[in-house]
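> Pasting a structure below so you can have a look.
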Amino acid sequence: MKITDLKTEYFENPLGLDTRKPRFSWIMESEAYGLVQTAYQVMAATSVQRLKDDAPDVWDSGKVLSDQSVHVEYDGSPLASRQVYYWKVRVWDGEDQPSAWSGIARYSMGILERSEWKARWIARSKPEQTEYEGLLPSPYFRRSFRVEKPVRQAFAYASALGLYELHLNGERVGQDYFAPGWTDYGKRVQYQTYDVTAFMQPGEMTVGAVVGTGWYAGHVGMFGNNRYGDNPHLLVELHIEYEDGTSAQVVTDETWKTFAGPILYSDLLKGEAYDSRLEPQGWKLPGFDDAAWERPVVLGRYDGALTAQIDPPVRVMKELLPVSLKRTERGTYLFDMGQNMVGWVRLRVEDAQPGQTVTVACAEMLNTDNTLYSINLREAVQQETYMLNGEKEAVLEPHFTFHGFRYVEVAGLLSPPTLNTVIGRVVHSATARTGELHTSNVMLNKLLSNIEWGQRGNFISVPTDCPQRDERLGWTGDAQIFARTASFNMDVGRFFHKYMIDVMDAQHASGAFPDVAPDAGWEEFKHNHEELNWHAPDNGGWGDAGAVIPWTVYQVYGDRRTLRECYPAMVRWVEYLQANSDGLIRPGYSNYGDWLSVNAETPKDVLDTAYFAYSTRLLAQAAAALGETGDAQRFDRLFAEIKEAFRRAFVGRDGRIKGDTQTVYVLALKMNLLSGEERSLATEHLVRNIEEHGNHLTTGFLGVGYLLPALTEAGREDVAYSLLMQDTFPSWLYSVKHGATTIWERWDAWTETDGFQNPGMNSFNHYSLGSVGEWMYQNILGINNGDGTGYKHLILRPRPGGGLQHASGEFRSVYGTIRVEWKREQSWFVMKAAIPVNTTATVYVPGVILNDSLQVYDSLHNLRTEGGYTVFEAGSGSYTFISRLSRASGAQARENGSDAMPDQMMQSS
Ligand code: RAM
């Protein structure tokens, strides 16, 4: 058994943790079958050597009889600020045989006590208004210092009220963008930790920083600028430890120097203007004369919490080259990136002239006259303006802004560009890819790709609704409906943990969870805009994110700690809902309902009451999982009562539910609000409704997430597939058919009949309607979580349908990679499955297994048949199953003399 993927708090070798009991996880790999872990031993130490000598100085767990291999909590002597630690693990298998020791992993602690911080928050004294209204320059900061002796190790701890880029001797520290990320800066700001040992060199060194307004002082949403403050601040603390045991610190304070610099402004929503003629040559290097620079002002105090970064940093995760380029009648150049992406472009100008101005403008779509469709950006400006100093080759990219775009228009070039003139830099929170799914249907594959791109484009520090217009907010409804799909695509455990802190920071005093987190002004905006008529203090399907997301993180990653942390807030939410309902029926005052549905008004009292029940049920499950037995019973009871109230108020004798929309049925089915008989009646109504719409969906943001799951659970996967495969309006494949490379905000963002929708709200990169990804992983590939959490017990159950001939893919769970592959040919079915070590699976093979070949797998047992499937219990290992989908078709094939298994099937088995 080989131990791989040593992770500390979800990450490999993380730096700057501030949790005093970090959790360790590992994966075991083996070719053997039916392997489990029966015991483990973890050792942690302050040096690699101590671990090599099996002489750990901080923790030796000893042999612990346990199958736990994820989130094993550190339980050694107290961990010290800024200290580096190492750990390793070995495990015992079912025969009590120990494995070899794993490799050695590392982690470092952050600054654990606020009082330990020496650095002060510094800023440029507030600049006079520039010619760009409401936009500030991004000032430079610098300080030189001397490294006197050989350095053993050095770490930088840094943050900003605003955004920052850090440099040491001219080189950028780390690869992060938009650090320190978005939080409610009134309450907390995160800091980052970088290992800068490799930057250290003897003699004079220079630390430099560029600071942008970001979410703190720049424009956010539709709320204008200065949401948290009006001048960005920087915080840096550099700790250098010398070989001889002494140490030195370099910290931001009044001794630093600052300069307005060439970045005239760089704003998340407004783009950037950069005048390279103002760039002071060599400012990041030692020896630069900063006599003309100003002293910074020092912030008296910052009252929020200063916490280590929890979520993965935002990074450039991909680069795209344009797929085409043409000169426009306007004399500009139009690049097509071939993909609606989020980030910016890096531009190369090869024959720059002094004073030449080049602009780069970005948009998602083109108007019919080949101009950029920018009207949907509202007040956002997706443009860079570069004024060049005439240096021969200029490579330009913006600093603190991002855009959502497929098309790039460059103006002001003196000679024709090539495809290499621009490179698309795709940025998002660096959540590792965990899922892959390919089918025999190219349209479905494109849909899956569009869903992933929707996630890439909108997981930027927080889950946002859209990346292009003046909104880009952490809408809770969007996040909760997409959370499970997101967790198939990428490792979002820590991302959502951090977002839940934002959600809890924005929870109202009443207990209501917010519409938007962090709240940078949404509540205020709602109240100031009477005409919106949006007064609900809570919104069904939005506020419920506060219950759905922690539960999802627990389900997918087995993360009990995050669930525990969110639990009190979940209780307050449900108690709030209970107090603000009438006979357990919610008042139906909510604002959004089944947002952006297609001519199907789902009554808000139905929707809100269903969600009230749903949150209550999740809370009851959370209570049970956390051992809060009294609460579990209390909320179970409350759920049963809400269900009764729901049935009485909304469900007719004939199973018709008030509103009679697809969404009311799928909510009632998915959220378990019906009696047995009502379930079948509701299913009939749902199917009837779908048929009445010519086999089309009408669901909006919320209903869409439950539509195919509800149909499938009710035994109508045939209808689910027909909706999935539908390609006329409205449907998922409609946008695919019309060239979409992302998920659109609205089913009718663009139609053949009406062209573009109302530009006031028409994003081409919104992930909500992409929540169908979850169903595709769970049913086409068939990867499901069994009773356990974190996929400790799997249910592998592909449901071949929709004319698909094959599907293959995987999901990298916390226990290891789960892989499924199937092919069908006539009535033959071949299925392969890989089940990670230390997990078990219930495997459903469609059809009837023909041969005895399964005997070879002694890790399979309890063979049975169930609803057209052959079912087994299986231990870890890689399996191949061959089955006949139906006896009848098998018999017919024999009669036709075509019974032999087709060649390609043989190859795959
Ligand atoms: C719009 C966006 C967002 C949605 C809200 C209700 O601003 O579409 O995604 O959650 O409305």
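> Starting from residues that are part of a strand (DSSP E or B) and under 16 Å from Arg433 (Cα atoms), keep the ones in region 299-318 and report whichever is nearest to the chain's Cα centre (by Cα).
Val314
> Take the residues in region 736-749 that are over 23 Å from the mean Cα position of the chain (by Cα) and more than 16 Å from the ligand (Cβ to nearest atom); name whichever of them is most open to solvent (accessible area, probe 1.4 Å).
Here the residue is Lys737.
> Can you tell me which residue within region 201-226, out of those that are of a type in the set (Ser, Thr, Tyr) and closer than 17 Å to Tyr177 by Cα, is surrounded by the most Cβ atoms within 10 Å (Cβ to Cβ)?
Thr213
> Check whether at least one residue in region 683-692 is part of a helix (DSSP H, G or I), in contact (Cβ under 8 Å) with a residue 60 or more places away in the chain and hydrophobic (A, V, I, L, M, F, W, C), and report yes or no.
Within region 683-692 (the criterion being part of a helix (DSSP H, G or I), in contact (Cβ under 8 Å) with a residue 60 or more places away in the chain and hydrophobic (A, V, I, L, M, F, W, C)), the answer is no, since none of the residues qualifies.
> Name the strands (runs of 3 or more DSSP E) wholly within region 401-472 that hold at least 2 residues that are more than 16 Å from the ligand (Cβ to nearest atom) and over 21 Å from Ser771 (Cα atoms)?
Of the strands (runs of 3 or more DSSP E) lying wholly inside region 401-472, those with at least 2 residues that are more than 16 Å from the ligand (Cβ to nearest atom) and over 21 Å from Ser771 (Cα atoms) span 403-411, 422-429.
> From Phe482, Phe495, Phe488, which residue is touching a strand residue (DSSP E or B) at 6+ places or on another chain (Cβ under 7 Å) and within 21 Å of Leu708 (Cβ to Cβ)?
When all the criteria are applied, what remains is Phe488.
> Being away from the ligand (no atom under 16 Å from the Cβ) and farther than 30 Å from His403 by Cα is the requirement here; does Val719 meet it?
Against the criterion (away from the ligand (no atom under 16 Å from the Cβ) and farther than 30 Å from His403 by Cα), Val719 qualifies.
> From Leu769, Leu863, Leu794, grab the single residue that is touching a Lys or Arg at 6+ places or on another chain (Cβ under 9 Å), closer than 29 Å to Asp718 by Cβ and not assigned by TED's automatic domain parsing to the domain that holds Phe405.
Only one candidate passes the filter, namely Leu769.
> Related question: Would it be correct to say that Leu136 is over 16 Å from Gln249 (Cβ atoms), surrounded by 20 or more Cβ atoms within 10 Å (Cβ to Cβ) and of a type in the set (A, V, I, L, M)?
yes
> Taking the conditions exactly as written (open to solvent by 10 Å² or more (accessible area, probe 1.4 Å) and within 25 Å of Asn367 (Cβ to Cβ)), does Asp754 satisfy them or not?
So Asp754 fits the description; yes.
> Which one is farthest from Ala363 (Cα to Cα) among residues in region 475-498 that are in contact with a Ser or Thr (Cβ under 6 Å, 6 or more places away or on another chain) and near the ligand (Cβ under 10 Å from one of its atoms)?
Selected residue: Ile481.
> Which condition number in (1) within 16 Å of the ligand (Cβ to nearest atom); (2) at pLDDT 95 or above; (3) not aliphatic (A, V, I, L, M) is the one that Cys566 fails?
Cys566 satisfies all of (1) within 16 Å of the ligand (Cβ to nearest atom); (2) at pLDDT 95 or above; (3) not aliphatic (A, V, I, L, M) except (1).
> For the list (1) in contact with a Ser or Thr (Cβ under 8 Å, 6 or more places away or on another chain); (2) within 16 Å of the ligand (Cβ to nearest atom); (3) open to solvent by 30 Å² or more (accessible area, probe 1.4 Å), I need the number of the one condition that Met761 fails.
The number of the failed condition is (1).
> Quick one: which of Ser581, Ser597, Ser615 is modelled with pLDDT of 95 or more, of a type in the set (S, T, N, Q) and within 22 Å of Ser763 (Cα to Cα)?
Only one candidate qualifies: Ser597.
> Among the residues of region 671-699 satisfying the criterion of being open to solvent by 30 Å² or more (accessible area, probe 1.4 Å) and under 20 Å from Met725 (Cα atoms), which is nearest to the ligand (Cβ to nearest atom)?
Step by step, filter region 671-699, then rank; the result is His693.
> Need the failing condition index for Glu237 against (1) surrounded by fewer than 17 Cβ atoms within 10 Å (Cβ to Cβ); (2) in a strand (DSSP E or B); (3) not aromatic (Phe, Trp, Tyr), just the number.
The one condition Glu237 does not meet is (1).
> If you check Lys126, Lys149, which single one turns out to be more than 31 Å from the chain's Cα centre (by Cα), open to solvent by 10 Å² or more (accessible area, probe 1.4 Å) and at pLDDT below 95?
The unique qualifying residue is Lys126.
> Which condition number does Asp787 fail, the rest of (1) away from the ligand (no atom under 16 Å from the Cβ); (2) modelled with pLDDT of 95 or more being met?
Single failed check for Asp787: (2).
> Give the residues of region 762-783 that are among the aromatic types (Phe, Trp, Tyr) and either in a helix (DSSP H, G or I) or under 10 Å from Arg797 (Cα atoms) (or both), sorted by residue number.
Scanning region 762-783 gives Trp775, Tyr777.
> Tally the residues that are among the polar types (S, T, N, Q), more than 16 Å from the ligand (Cβ to nearest atom) and within 13 Å of Ala483 (Cα to Cα), restricting the search to region 764-778.
Residues that pass the stated criteria total 0.
> So is Glu523 more than 14 Å from the ligand (Cβ to nearest atom), open to solvent by 10 Å² or more (accessible area, probe 1.4 Å) and within 26 Å of Asn225 (Cβ to Cβ) or not?
No: the conditions fail for Glu523.
> Another question about this same structure. For region 700-709, indicate whether the set of residues that are open to solvent by 30 Å² or more (accessible area, probe 1.4 Å) and in the same structural domain as Leu448 (by TED's automatic domain parsing) is non-empty.
Taking every residue of region 700-709 in turn, none turns out to be open to solvent by 30 Å² or more (accessible area, probe 1.4 Å) and in the same structural domain as Leu448 (by TED's automatic domain parsing).
Rundown of residues vs (1) crowded, with 24+ Cβ neighbours inside 10 Å; (2) farther than 14 Å from Val210 by Cβ; (3) β-branched (Val, Ile, Thr), yes/no style:
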{"position": "Tyr164", "(1), (2), (3)": "yes, no, no"}
{"position": "Asn169", "(1), (2), (3)": "no, yes, no"}
{"position": "Phe178", "(1), (2), (3)": "yes, no, no"}
{"position": "Gly181", "(1), (2), (3)": "yes, yes, no"}
{"position": "Gly186", "(1), (2), (3)": "no, yes, no"}
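> If I go through region 337-360 residue by residue, how many of them are under 24 Å from Tyr767 (Cα atoms) and open to solvent by 20 Å² or more (accessible area, probe 1.4 Å)?
1
> Identify the residue in region 249-280 that is part of a strand (DSSP E or B) and open to solvent by 30 Å² or more (accessible area, probe 1.4 Å) and, among all such residues, is farthest from Pro232 (Cα to Cα).
Applying the filter and picking the extreme gives Gln249.
> Now, a different point. Considering only region 582-633, state which residues are within 16 Å of the ligand (Cβ to nearest atom) and among the hydrophobic types (A, V, I, L, M, F, W, C).
Trp595, Leu596, Val598, Leu607
> Another one. Could you tell me whether any residue of region 750-757 is on the phi > 0 side of the Ramachandran plot and assigned to a loop (DSSP other than H, G, I, E, B)?
no
> Sticking with this one: So for region 288-310 (the condition being under 30 Å from Glu409 (Cα atoms), touching a residue at least 60 places away in the same chain (Cβ under 8 Å) and of a type in the set (A, V, I, L, M)), does at least one residue qualify?
no
> If Pro518 satisfies all but one of (1) part of a helix (DSSP H, G or I); (2) more than 14 Å from the ligand (Cβ to nearest atom); (3) in contact (Cβ under 8 Å) with a residue 60 or more places away in the chain, what's the number of the condition it fails?
(1)
The values are calculated or read from the model by the stated rules, or taken from the named source; none is laboratory data. Owing to the predicted nature of the structure, the values given are computational and were not obtained by experimental measurement. With ideal geometry, Cβ positions are generated from the backbone for all residues, glycine too; neighbour counts draw on all protein chains shown. Ligands, DNA and RNA are excluded from the accessible area calculation, which covers all protein heavy atoms including side chains. Shrake-Rupley method; radii C 1.70, N 1.55, O 1.52, S 1.80 Å.
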